[in-house]
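The values are calculated or read from the model by the stated rules, or taken from the named source; none is laboratory data. From a predicted model like this one, the values you see are computed outputs, not experimental measurements. Virtual Cβ from ideal backbone geometry, glycine too; neighbours counted across all protein chains shown.
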Amino acid sequence: MKALDKKLLDTEYIRNKNWVKLIAILKHQFSEWTTARLIRDGYDDFKMVYMPVLMNITPVGTNNNELANHCRVTKQAMSKVAKELQKRGYIKSKTDLKDKRSTIFMLTDRGKKLVIESRACVKDLTTEYQALVGADEFDRTTELLKKIIAHNDRTLLTGK
């Protein structure tokens, strides 16, 4: 057996216990489940790629720079999605009075209804998962994921 083949075989256990793969599968399942539910509820023009932008607009509106940061995307990528959401009637925009170079995005009534429905979807799925694994276990898993995310954010900022 070649050395490279041996190294590959030595890492095979990771394929079956790969948490990154598990998170990717879970995200895909969530997207499918949510999309089906939103289509059922009349949001057939909605794409999951819109979700981070829509879900990070506060009730009083959010400026484009803050929105891009919360969505963890570039301002250009966020602007593209925001334009599509405006075209579909989910959000509207106005010039930021504090900074004329910035834009404030706000939810339209249609956008507000979608956010409320999306949050209801998450609440229903959370209740289902809590029944499946127990509320304490589910909450502990959520806290662990938040801890890992905070660690990664610190690591990315400091380079350590």
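Could you list, in sequence order, all residues of region 77-104 that are under 18 Å from the mean Cα position of the chain (by Cα) and either among the small types (Gly, Ala, Ser) or modelled with pLDDT of 90 or more (or both)? Give the steps one after another, and end with the answer.
From region 77-104, those under 18 Å from the mean Cα position of the chain (by Cα) are 77-82, 84-85, 90-91; that's our starting set.
Hits for region 77-104 are 77, 79, 80, 81, 82, 84, 85, 90, 91.
Please find, among 146, 100, 112, the residue that is under 19 Å from residue 63 (Cα atoms) and surrounded by fewer than 11 Cβ atoms within 10 Å (Cβ to Cβ).
100
Quick check on my filter: what residues within region 46-73 are aliphatic (A, V, I, L, M) and surrounded by 14 or more Cβ atoms within 10 Å (Cβ to Cβ)?
Residues satisfying the conditions are 48, 51, 53, 54, 55, 57, 67, 68, 73.
From the list 76, 86, 29, exactly one residue is more than 30 Å from residue 145 (Cα to Cα) and either free of Cβ contacts under 8 Å to residues at least 60 places away in the same chain or surrounded by fewer than 17 Cβ atoms within 10 Å (Cβ to Cβ) (or both). Which is it?
Only one candidate qualifies: 86.
Does region 125-145 include one or more residues that are closer than 29 Å to residue 46 by Cβ, at pLDDT below 95 and of a type in the set (D, E, K, R)?
no
Exactly one of these conditions fails for residue 37: (1) basic (Lys, Arg); (2) closer than 30 Å to residue 109 by Cα; (3) loosely packed, with under 11 Cβ neighbours inside 10 Å. Give me its number.
(3)
Quick check: anything in region 117-136 more than 26 Å from residue 37 (Cα to Cα) and loosely packed, with under 14 Cβ neighbours inside 10 Å?
Yes, region 117-136 contains a residue that is more than 26 Å from residue 37 (Cα to Cα) and loosely packed, with under 14 Cβ neighbours inside 10 Å.
Is it true that some residue in region 4-20 is farther than 17 Å from residue 120 by Cα, surrounded by 12 or more Cβ atoms within 10 Å (Cβ to Cβ), at pLDDT below 90 and out of contact with any strand residue (DSSP E or B) (no Cβ under 9 Å at 6 or more places or on another chain)? Write out each step before concluding.
The first filter runs over region 4-20 and keeps only residues farther than 17 Å from residue 120 by Cα, leaving 4-20.
From what's left, surrounded by 12 or more Cβ atoms within 10 Å (Cβ to Cβ): 18.
If we keep only those that are at pLDDT below 90 too, we end up with 18.
Subset that is out of contact with any strand residue (DSSP E or B) (no Cβ under 9 Å at 6 or more places or on another chain): 18.
Yes, region 4-20 contains a residue that is farther than 17 Å from residue 120 by Cα, surrounded by 12 or more Cβ atoms within 10 Å (Cβ to Cβ), at pLDDT below 90 and out of contact with any strand residue (DSSP E or B) (no Cβ under 9 Å at 6 or more places or on another chain).
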